[in-house]
Amino acid sequence: MSEPAKGCPSTMVPDLDDEAEVLRVAKVTALKTGRMVTVRDADGLKIETVSPIKH
């Protein structure tokens, strides 16, 4: 995976039906990349924004 230009959002579309699993993948992605991850539903509505900070 290449690094996007600074300030440009990247998009990841997991093909998962389980919202809990999608949020788990988003948290792992945020921690590994150090970037905030916004999770949206199929209609594009925001479900949650995941911070890269470990809690």
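Quick grid of which residues meet (1) at pLDDT 90 or above; (2) among the aliphatic types (A, V, I, L, M); (3) open to solvent by 80 Å² or more (accessible area, probe 1.4 Å); (4) in contact with a strand residue (DSSP E or B) (Cβ under 8 Å, 6 or more places away or on another chain):
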| site | (1), (2), (3), (4) |
| --- | --- |
| PRO4 | no, no, no, no |
| SER10 | no, no, no, no |
| VAL13 | no, yes, yes, no |
| ASP17 | no, no, yes, no |
| THR29 | yes, no, no, yes |
| ARG40 | no, no, yes, yes |
| LEU45 | no, yes, yes, no |
| LYS54 | no, no, yes, no |
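Name the pairs: first residue in segment 30-41 and over 11 Å from ILE53 (Cβ atoms) and in contact (Cβ under 8 Å) with a residue 12 or more places away in the chain, second residue open to solvent by less than 80 Å² (accessible area, probe 1.4 Å) and of a type in the set (Phe, Trp, Tyr), Cβ to Cβ under 6 Å, at least 6 apart or on different chains?
Hits for this filter: zero, empty list.
The values are calculated or read from the model by the stated rules, or taken from the named source; none is laboratory data. Values in this document were obtained by computation on a predicted structure and should not be read as measured data. Positions of Cβ are generated from backbone atoms using ideal geometry, with glycine treated the same way; all protein chains shown enter the neighbour counts. Calculation scope for accessible area: heavy atoms of the full protein, side chains included, ligands and nucleic acids excluded. Shrake-Rupley method; radii C 1.70, N 1.55, O 1.52, S 1.80 Å.
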